[in-house]
Amino acid sequence: MAWHPHLWHPTTQVATSQEPLRVQSARGSELELSDGRRLIDAISSWWVTLHGHGEPTIAAAIARQAHVLEQVIFANFSHEPAEQLATRLSALTGLQRLFFSDNGSTAVEVALKIAWQWWRNQGSDRHQLIAFEGAYHGDTFGAMALGDRSLFTQPYGELLFDVARVAWPHSHWHNDSVEEREQQALGQLELALETPTVAVIFEPLIQGASGMRVVRPAFLRAVADRVQAAGALLIADEVFTGFGRTGALFACQKAGIQPDLMALSKGLT
């Protein structure tokens, strides 16, 4: 199967990559290709499919809802499924309100805009944003700016705003102790927080896209304490970690922290 002449595949170099694997159907954890081969979908279709492909209960619920109401403008309109979901997620996350967006990148964009405008509404002109080295928060411009620079962000460098960065003290390929790495990172965070800060954004417990780089819950609790003491807002990007991927429903719960804002997608989608 050759490359389709009208499709552009994301993060794919069409000129040098092998032809795409054409998926005919999927069930559970397996993908069936057009040539009959079956593959395990080990990446859960970019970490989206938590419950397996073709799950009967989910498919039936989608079909029922499509016959009742598939979509309606959400400005000055509302509907029961959205209200039920907002109520349940509020109780599960400990956060008061839910803002529906489109995907993980725009969830991060919305959280960023909420944090930025919150300070403007207080009459504050603080502008610093803090993120962690190795972070990935999405591919829209604000999310790219918050994430670590890479081959994929390089063409847009002049369009991305500046972000203060501190170390992510993961355990891979280091000779010093985890305690030493954590103290160095916390020292960098304290120094950065001396500048009035809008928000600190982080991926709780594990940075997925940069290589499954794990930190300890105690480190995140120390981060949350310092952010709160500095009066900045704490944004948890749970797009990858949310809905059970770390053992708890949300990684923040496993770490024992309560963010001010939480970005969700993938498993929620």
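For the reader, a short list of remarks on this structure follows.
- GLU238 sits among other residues whose Cβ lies under 12 Å from its own Cβ, and their net charge, with Lys and Arg +1 and Asp and Glu -1, is +1.
- Computed extension gain for SER90 through THR140, at 0.36 nm per residue and net of the alpha carbon distance, reaches 15.4 nm.
- Selected from GLY208, GLY231, GLY104 as most flexible by GNM, with the chain as the system and alpha-carbon contacts under 10 Å: GLY231
- Percent of Cα-Cα distances greater than 18 Å, calculated over segment 180-269: 43 percent
- Within the accessible surface of the chain, defined with a 1.4 Å probe on protein heavy atoms only, the carbon and sulfur portion equals 54 percent.
- The residues neighbouring LEU89, those whose beta-carbon lies less than 14 Å from its own, together hold a net charge of 0 under the Lys/Arg +1, Asp/Glu -1 convention.
- Where the Cα pairs of the chain fall when distances are cut into 5 Å bins, in %: 1, 5, 10, 14, 16, 16, 14, 10, 7, 4, 2, 0, 0
- When only the Cβ of Lys, Arg, Asp and Glu is charged (+1, +1, -1, -1), the dipole of segment 168-232 relative to its Cα centre reaches about 200 debye.
- Calculated on alpha-carbon atoms, Rg and Dmax of segment 1-56 in Å: 12.7, 39
- Note on ARG22 and HIS67: the extension gain reaches 13.2 nm, defined as 0.36 nm multiplied by sequence separation minus the Cα-Cα distance.
- Relative protection proxy for 80-88, 113-121, from highest mean packing down: 113-121, 80-88 (other beta-carbon atoms within 10 angstrom).
- Entry note, the chain: relative contact order of 15 percent, from Cα contacts under 8 Å with a spacing of 6+ residues.
- Rounded to the nearest 20 debye, dipole of the chain from Cβ charges on Lys, Arg, Asp, Glu: 420 debye
- Label point distance in nm, GLN13-GLU179, each placed 7 Å from Cα along Cα→Cβ: 4.5 nm
- Entry comment: accessible area of the chain is 61 Å² per residue, from protein heavy atoms only and a probe of 1.4 Å.
The values are calculated or read from the model by the stated rules, or taken from the named source; none is laboratory data. Bear in mind that the values here come from a model prediction, so they are computed numbers and not experimental data. Every residue, glycine as well, gets a Cβ built from its backbone with ideal geometry; the counts of neighbours run over all protein chains shown. Calculation scope for accessible area: heavy atoms of the full protein, side chains included, ligands and nucleic acids excluded. Shrake-Rupley method; radii C 1.70, N 1.55, O 1.52, S 1.80 Å.
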